[in-house]
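Right, one structure below, let's go through it.
What follows is calculated from the coordinates using simple rules that are stated; it is not laboratory data. The model shown is predicted, which means the values in this text are computed figures rather than measured ones. Don't worry about glycine lacking a Cβ; one is built from the backbone with ideal geometry, like all the others, and counts go over all protein chains shown.
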Amino acid sequence: MTSTVAEFQTVAELNELTSVAVIGMGYVGLPTALGLHAGGVAVIGIDLSQNRLEAIRACEVDLIENDQRRLEKAVHQEDFQLTADASRMAEADAILVCVPTGLDEYLMPDLGPLESACAALVAHARPGQTLILTSTSYVGTSGRLLVKPLTAKGFKVGRDIFVASSPERIDPGNVTHTQAETPRVLGGVTPACTAMAQRVLNVLTPRVHLVSSPEAAELTKLYENTFRAVNIALANEFAEISDGFSLDPIEVIDAAASKPYGFMAFHPGPGVGGHCIPCDPHYLLWQLRATQNSAPLVTQAMRAIAERPGQVVDRVLNTLSRNGTGMAGARILVVGVTYKPGVQDVRSSSALDIIDLLAEKGATVGYYDPLAPNVRVTGGSLDSVVEPAGEDWDLALIHTVHPGQDYDWLGQCPIVIDATYRFDPALSAA
């Protein structure tokens, strides 16, 4: 593949990259736009939400420190533009689709935002552009939503317009594996498409792993997050097994991780959340059902992940029972509700399910999270406790521990359950 693409390097060279449009300025699109701008490319950031655009202009968004500094400079520069006008994408040499791909209430893919973005892209496409789909989706998305409608409009993909898939690999809040240091998987419809897309991605990272097609790139992303989902489900199961033997699961995991080959450490927790692990494997399962195929291991892993919040609530109930009380009327504080440490995002956070389940069983539930002052739960909204005091609660359930926060007050709480299995007050305040 590499040698074939090399034959088309002159195609990329003849098409100078001066501007890129990014469709969707969320947790993926905004860091992508900032990375491109820092690489010397003019950026047109497109988002239909005026509230989101205003938050970006005000620099009131959740970013790692380096990207926050980039944003504070970029918003004052003429070559970093923000707009809700989709027609502006016609001005760009390349366009990256970075819209969210979530699930509906039945765990079916919610393709509305992606389909709308791709339809707008096709409507405004012009010859010479490079179109890259970065949103995670089912195998064949690039072909159905871009290649077919572009061909129907008379474009010759690979000759006068270029289409590729390169699913995002941004980990919000992660300062160790930054976008520039993380390889990107790339598959173009033709070798020329791959070469044209690679010149765009090389602005973000020098490390691009080429695959033979957009479909291979799309399945790669589904495999990555399905791998994580299966192993998290296994880690949670081993936590329950360890508890049955009165053993510390972290001690067991650390011991297994001392093996220098054949093992990768995953850790148990209260559940998963965010944009990837609870979502992406369902795109694969949905597509397999449509073709009457099955993936029993993946299916069971996703079922186990869905059941995890209920297991955490059962642990709370059993703990209260052993202490001579029940759930009804118990004052329970959930500590941390974002889906991972150091971010403000509560999308699909298991904490929200846990709060609902505790309330259903009669508990009086509050939460403390300085990064999420208000959340929506069943029955309305809930505000974070501003200054928690351990003695005000019968039990504290640790869900998410944010770095740099003081949790010493937990020492005054009668019962503390660590659903992360790794809480260390000294480290959390570091």
Practice task
Starting from the Cα of Leu234, step 7 Å along the direction of its Cβ; do the same at Glu181; then give the gap between the two resulting points in nm.
Solution key: 2.6
Problem - 222 nm mean residue ellipticity, helices alone, for the chain (DSSP H n ≥ 4; -39,500 (n - 2.57); rounded to 500) - result: -11500 deg cm²/dmol
Exercise for the section: Could you calculate the FRET efficiency of Glu307 with Arg69 from 1/(1 + (r/R0)^6), where r is the beta carbon distance between them and R0 is 41 Å, rounded to 0.05? Expected result: 0.45
Problem - Packing-based exposure ordering (other Cβ within 10 Å, fewest first) of Ile355, Ile253 - result: Ile253, Ile355
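Which of rounded, prolate, oblate describes region 33-88, given a ≥ b ≥ c as roots of the alpha-carbon gyration tensor eigenvalues and a/c under 1.5 marking rounded, otherwise prolate only if a/b is larger than b/c?
Oblate.
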Exercise for the section: Between Arg207 and Asn323, with labels modelled 7 Å along Cα→Cβ, what's the label distance in nm to one decimal, could you check? Expected result: 4.5
Fill in the blank from the handout: For Ile56, Ile305, ascending order of other Cβ atoms within 10 Å (fewest first) is Ile305, Ile56
Practice task
Using only the Cα atoms of region 128-170, build the gyration tensor, take square roots of its eigenvalues as a ≥ b ≥ c, and label the shape rounded, prolate or oblate: rounded if a/c is under 1.5, else prolate if a/b is larger than b/c, else oblate.
Solution key: oblate
Handout entry: Chain lengthening between Asp418 and Met264 when straightened (0.36 nm per residue, less Cα-Cα)
Key = 53.2 nm
Practice task
First select every other residue whose beta carbon is under 13 angstrom from the beta carbon of Pro214; then total the charges, Lys and Arg +1, Asp and Glu -1.
Solution key: +1
Completion exercise
Largest first and rounded to whole Å, the semi-axes √(5λ) derived from the alpha carbon gyration tensor of region 2-212 read 25, 20, 17
Exercise for the section: Would you order Cys276, Cys59 from fewest to most other beta-carbon atoms within 10 Å of each residue's own beta-carbon? Expected result: Cys59, Cys276
Problem - Net charge of Cβ neighbours under 12 Å - reference Leu111; Lys, Arg +1; Asp, Glu -1 - result: -2
Handout entry: Debye intensity ratio in log₁₀ form over the Cα atoms of region 148-236, taken at each q of 0.11 Å⁻¹
Key = -0.39
Handout entry: Spatial extent of region 59-152: Rg and Dmax, with the Cα atoms as the point set, Å
Key = 15.7, 44
